[in-house]
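Presented below is the structure to which this report refers.
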Amino acid sequence: MNRHDDPFQEARAKCPIQIGTFQGERVPMILRLRDVREAAKDTVKYSSDAPRRVPIPSEEEVRTVRQYPLEVDPPSHAEYRKIVEPFFLRPKQPDVLAKIHGLIDSLLSKALEADFIDAVKDFAIPLQSYALTYLLNVSEKEAERWVSWGIHVFKDGDGKSKGPFMEKYCQQMFEAAAENPGDDFFSALNQAEFEGRLLTVEEKLGYANIAFAGGRDTIIHTATRLISYFAENPEALQWIRENPDRITLASEEFFRVFIPLTHIGRVCPVTTDVHGFEVQPGGRVSLCWSSANRDPEVFVEPNEVRLDRRPNPHVAFGFGPHLCLGAHHARAIMRGLIQKLAERVSNVAVLEAVEFIENEPDYTRKIGYELLRARFKEFGK
């Protein structure tokens, strides 16, 4: 199978950490799976109580609110998480799953009818945007606006911030829901309570912020990487077509290898020794999910895509109490996409590709695509 680059391979073999520089701050990046898992579980030593500083690079310049429940530590984290968990479990409902599959079918029909499409703009972005309306239980019309936001909700391709615009939009949605309450995400948060009181405006905006930002570029990039993989490996589609029960294992392997989120941050409340590197109080640590997913002590031939890999204890959705809220949603979308591609597409030809590269001072990593012009051929024709 194809091999895929791992920018942390050399460093991980020599040392449990790599020092990265982000916005002028030297940050130890924890590289090995066991160490990453242990750090993710230790919310006292490695805290998430750091508004706008949990993502690396930090988002202090692009948003004004704390993201709930991501940037909250236990025990409050569990209570905050319970408030929105019913919405993030909606993809498990048969009617919601049917909508996701119907959406994928519709997008594939357009792709098959066209001479070619840009799988980013014409497929992955609408897929993520419309599927999010099902998760939040809002009108599909809202997705028309979300599609225009592009790959990332905080920045345009030229680096200009879209954060304030998105926060204003969310405020308007909460105000509209207050006037006409329903069964949607915004209405639920307007009525939700934490420790016997209604949520504050800041808390509601923090929930909405992560709902839009947390799974947008990640789902978009995973979808395009998956499409590109099948273009390079058409026999993999046939392998899945022969036995659709293989979809679950295949999807987990795609999440492991193609994880778009390189890492996430934690803050050390006190002076902390991180595998030999001293972090001062308030300093950050990186839990490097993408490196942990390539740990050769855990994964045999970690740079190979093995669609039947088992066991597959990857950390593409994190680990510990802050396990990704959107994991069920992402799995529903990607498994549905694999299923529909196997059912309806014989092969995909990539005509032009512009890679989306994460360039940092200490590493370079392919995340997905800015453009993926592709032609889809219908199965059986």
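Taken together, the values in this text are just the output of simple stated rules run on the coordinates, not laboratory data. Just so we're clear, the structure is a prediction, and the values are computed from it rather than from any experiment. Note: ideal-geometry Cβ built from the backbone for every residue, glycine included; neighbour counts use all protein chains shown.
In terms of the Cα gyration tensor, with a ≥ b ≥ c the square roots of its eigenvalues, is the range 1-40 rounded because a/c is under 1.5, prolate because a/b exceeds b/c, or oblate? Each step should come with its number before you reach the end.
Working: a/c = 2.08, a/b = 1.35, b/c = 1.54.
In terms of gyration-tensor shape, oblate.
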The chain: relative contact order as a whole-number percent, Cα under 8 Å and 6+ apart | 27
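If you average the sequence gap of Cα pairs under 8 Å that are 6 or more apart and divide by the length of the range 96-213, what percent do you get for the contact order?
On the way: 83 pairs, mean separation 21.3, N = 118.
In percent, rounded to a whole number, it is 18.
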In a Gaussian network model of the chain with springs linking alpha carbons closer than 10 Å, the residue among LEU199, LEU237, LEU135 that fluctuates most is LEU199
Charge dipole magnitude, Cβ of K and R +1, D and E -1 - the range 277-381, Cα centre, debye nearest 20 = 700
Unit charges at the beta carbon, dipole of the chain: most positive-side option, LEU136, LEU249, TRP239 | TRP239
So what's the net charge close to VAL300: Lys and Arg +1, Asp and Glu -1, counting the other residues with Cβ under 13 Å from its Cβ?
-> -1
Take each complete run of DSSP H in the chain, measure how far its Cα atoms stretch along the helix's own axis, and keep only those covering 15 Å or more with mean Kyte-Doolittle hydropathy at least 1.0; list them.
-> 125-136
Whole-Å distance, taken between Cα centres, linking the range 58-136 and the range 215-236 = 16
